[in-house]
Amino acid sequence: MSVAAAVPVFFLCVAASLGASLLFGRRLDRVSERFGANEGLHGILTALGADAPEISTAIVALSSSHGKLGVGVVVGSNVFNLAALLGLPAIVAGTVAIHRHGLVFNGAVALVVTGIGAALVLGAIGAVPALILLLVVFGPYVVVLSLSIGHLRRLLPDGRVERLVVAAVREEIVDMRTGEVAPRASRRDFLALIASLAVIVGASFGMVEAATDLGSRWGVSDVIVGTLVLASLTSLPNLITAVRLALHGRGAATTSEALNSNSLNIIAGVAIPALFISLGSRTGIETFCVWWLLGTTVVAAALAYTRHGLTRREGIAIVALYAVFVGVVSTR
């Protein structure tokens, strides 16, 4: 594909992917309302809807023998998410208040999932055991968020764990409530959901092909294209959602959006495709990216826990970490 053709194709596919993602998210809201999903599970579905471009692009890249680009999209998106979904909202809103119960609950799951994903990408663990471990960690987490407080109290034995989990889920449920009730889904919503997902997948093919062609012609590696360019562009739906939540003072929902988005990216964008497609060997810069993601996740969680949330100063620190990441990757 020539440069003259690749540039408009790339931007057209980006626009189509983001527009379809917004439609996908709205229709998913209606579908979750129809099936009676509570606020905790609704938060997971919201993150999944916003993650559709990232996951789709990563899968398409991996299936098109662009392993470095596909892994780069997931790793780069996750680093970007920490800056854009936690750091930037704190800068814009001035502060993002986060309850410690929810942070410990959500943060612990996100850290474990990120650690397993890092081990998979670095070749320290195989695809099958990695996916099993991820499902063992993330599956019960989703189930817990899906249950009512009453069910949790009956299910969990009395003690510190029960109090922590109940408090965390209650905080998230309260923070996810907007007072708005989405219309119950109709057949048209289901069709729109399928159509928008098809557009996202189709646009991902166009983005990957155009981006790799442009990168090849301009001497830009797949690592940079995936980790910096596609990762940030496909994460824009998440960014819009996070800033909106932060401006409304919904810190628990903002944090959950960031951490759950990263976990879903790892599971759906890397772990599941790795069962069928080789991720390939990692270079030095790719190894750096994986470790930087893990380190930034730890730092962001520690800052939020220490201050019961993120102030503008902590937000600037997290964004600065991303700026360093961009500087290192772009010079390799």
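The values are calculated or read from the model by the stated rules, or taken from the named source; none is laboratory data. These figures come from a predicted structure and were not determined experimentally. Quick reminder, even Gly has a Cβ in these numbers, built from the backbone with ideal geometry, and neighbours come from all protein chains shown.
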Spot the failing condition for Val96; the list is (1) of a type in the set (A, V, I, L, M); (2) touching a strand residue (DSSP E or B) at 6+ places or on another chain (Cβ under 6 Å); (3) surrounded by fewer than 24 Cβ atoms within 10 Å (Cβ to Cβ), and only one is missed.
(3)
Name the pairs whose Cβ atoms lie under 6 Å apart, with the first residue in the range 94-111 and touching a residue at least 24 places away in the same chain (Cβ under 8 Å), the second among the basic types (Lys, Arg), and 6 or more positions between them or separate chains?
Gly94/Arg312
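Please find, within the range 136-162, the residue that is modelled with the highest pLDDT out of those that are within 23 Å of the chain's Cα centre (by Cα) and small (Gly, Ala, Ser).
To start, the set of residues in the range 136-162 that are within 23 Å of the chain's Cα centre (by Cα) comprises 136-147.
From the residues that got through so far, the ones that are small (Gly, Ala, Ser) too are 139, 146.
Values: Gly139: 91, Ser146: 78.
Checking each candidate, the answer is Gly139.
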Log entry, pairs with first residue in the range 301-320 being at positive phi, second being in a helix (DSSP H, G or I), beta carbons closer than 7 Å, six or more apart or on different chains, reads His308/Arg100; Gly309/Gly251
Modelled with pLDDT of 85 or more, surrounded by 13 or more Cβ atoms within 10 Å (Cβ to Cβ) and within 24 Å of Phe24 (Cα to Cα): does that describe Ser196?
yes
Any idea which of (1) in contact with a Gly (Cβ under 8 Å, 6 or more places away or on another chain); (2) over 18 Å from Arg307 (Cβ atoms); (3) aliphatic (A, V, I, L, M) is the one Ile91 doesn't satisfy?
(2)
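Which of the residues that make up the range 163-193 are part of a helix (DSSP H, G or I), modelled with pLDDT under 70 and surrounded by 17 or more Cβ atoms within 10 Å (Cβ to Cβ)?
So in the range 163-193, the residues part of a helix (DSSP H, G or I) come out as 163-176, 187-193.
Next cut, modelled with pLDDT under 70 only: 171-176.
Within the range 163-193, Glu171, Glu172, Ile173, Asp175, Met176 meet the criteria.
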Answer yes if at least one residue in the range 56-63 is over 13 Å from Ile266 (Cα atoms) and modelled with pLDDT under 75, and no otherwise.
no
All but one of (1) touching an Asp or Glu at 6+ places or on another chain (Cβ under 8 Å); (2) under 19 Å from Leu133 (Cβ atoms); (3) buried (at least 24 other Cβ atoms within 10 Å of the Cβ) hold for Ser256; state the number of the condition that does not hold.
(2)
Might you check whether a residue that is crowded, with 23+ Cβ neighbours inside 10 Å, in contact with a helix residue (DSSP H, G or I) (Cβ under 8 Å, 6 or more places away or on another chain) and under 16 Å from Val112 (Cβ atoms) occurs anywhere in the range 312-330?
no
Going by what's in this entry, would Gly123 be described as modelled with pLDDT of 75 or more, out of contact with any strand residue (DSSP E or B) (no Cβ under 8 Å at 6 or more places or on another chain) and at positive phi?
yes
Could you please find all residues in the range 126-141 being crowded, with 17+ Cβ neighbours inside 10 Å and either in contact with a Leu (Cβ under 8 Å, 6 or more places away or on another chain) or closer than 20 Å to Leu103 by Cα (or both)?
Ala127, Ala130, Leu131, Leu134, Val137, Phe138, Tyr141
